[in-house]
1. Considering only residues of the stretch 140-158 that are of a type in the set (Asp, Glu) and in a helix (DSSP H, G or I), which is farthest from residue 124 (Cα to Cα)?
2. Looking only at the stretch 70-104, count every residue that is surrounded by fewer than 21 Cβ atoms within 10 Å (Cβ to Cβ), hydrophobic (A, V, I, L, M, F, W, C) and under 28 Å from residue 128 (Cβ atoms) and tell me the total.
3. Going by what's in this entry, would residue 69 be described as part of a helix (DSSP H, G or I), out of contact with any helix residue (DSSP H, G or I) (no Cβ under 9 Å at 6 or more places or on another chain) and at pLDDT 95 or above?
4. I'd like to know if the stretch 45-57 contains one or more residues that are surrounded by 18 or more Cβ atoms within 10 Å (Cβ to Cβ) and not in a helix (DSSP H, G or I).
5. Residue by residue through the stretch 95-117, note down the ones that are in a helix (DSSP H, G or I) and either more than 21 Å from residue 56 (Cα to Cα) or among the hydrophobic types (A, V, I, L, M, F, W, C) (or both).
6. Which ones in the stretch 67-109 are within 21 Å of residue 197 (Cβ to Cβ), touching a residue at least 40 places away in the same chain (Cβ under 8 Å) and in contact with a Ser or Thr (Cβ under 6 Å, 6 or more places away or on another chain)?
7. Does residue 213 satisfy the condition of being among the acidic types (Asp, Glu) and surrounded by 15 or more Cβ atoms within 10 Å (Cβ to Cβ)?
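The values are calculated or read from the model by the stated rules, or taken from the named source; none is laboratory data. What you are looking at is a predicted structure, and each value in this text was computed from that prediction instead of being measured. Counting neighbours? That spans all protein chains shown, and the Cβs are built from the backbone with ideal geometry, glycine included.
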Amino acid sequence: MAPVTGGHWHDHGFRRFFRAVTPDVVGLLVAQGEVSVAASEAFLDWSEGGPTDVATLVSLERDADQARRHLLGALRTALATPIDQEDLYILSERCDRVVNAFRDIAVEAQALAWSPDHHAARMAGELHAGMTALVEGFGELRKDFNSAGAAADRAREHARSVVWRYRDGVAELYHSGDLEAAVVGRELYRPYARAADLLEAVADRLWFVVLAET
């Protein structure tokens, strides 16, 4: 049997083997994030009274679940990952919660025969901008942790803007004099604010990853 000589396999062969057992888990997180951005854009359109219906949001939530399953499957088989597996799992899980919130808001609104108003649309706009910033940050985990942290900051700012818009909306409802509309509206505004809390939780974990990796 011929001896193994030289460093050819040690270099090229090992790299090829390592790539085979190291799936692009950051890429899969970005892929889940891109579906999440599509869901947030559809949620914004729905909140603005556009053509997006509840069934579309439900379908996008399922697409996001499927993208998450791909990531979790890769995490199970990967021998090593560029980012800690726990951090990737938590980013994915928290991102999924935001998309679930979009679906739940629309389903509940449909059940109550409530149509989003301009306050809801403005909150949805901030949520979409925040989700977009987060996914930009996910992509930066491959190359520039400082940029990932900056993206997390932008997402947090958008999430906090939702809270201010929520307060403005509730105040206007109660000043309208229509108590029933005010109560229903407040109950449907509140999940927008909770979605913002969920979005901020993703941003916080993204910053944790930045700190852990730098």
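1. 140
2. 5
3. So residue 69 fits the description; yes.
4. yes
5. Across the stretch 95-117, the qualifying residues are 95, 98, 99, 101, 102, 105, 106, 107, 109, 111.
6. Within the stretch 67-109, 95, 99 meet the criteria.
7. no
Condition check ((1) free of Cβ contacts under 8 Å to residues at least 24 places away in the same chain; (2) part of a helix (DSSP H, G or I)) across all residues:
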| position | (1), (2) |
| --- | --- |
| 160 | no, yes |
| 171 | yes, yes |
| 177 | yes, no |
| 189 | no, yes |
| 198 | no, yes |
| 204 | no, yes |
| 212 | no, yes |
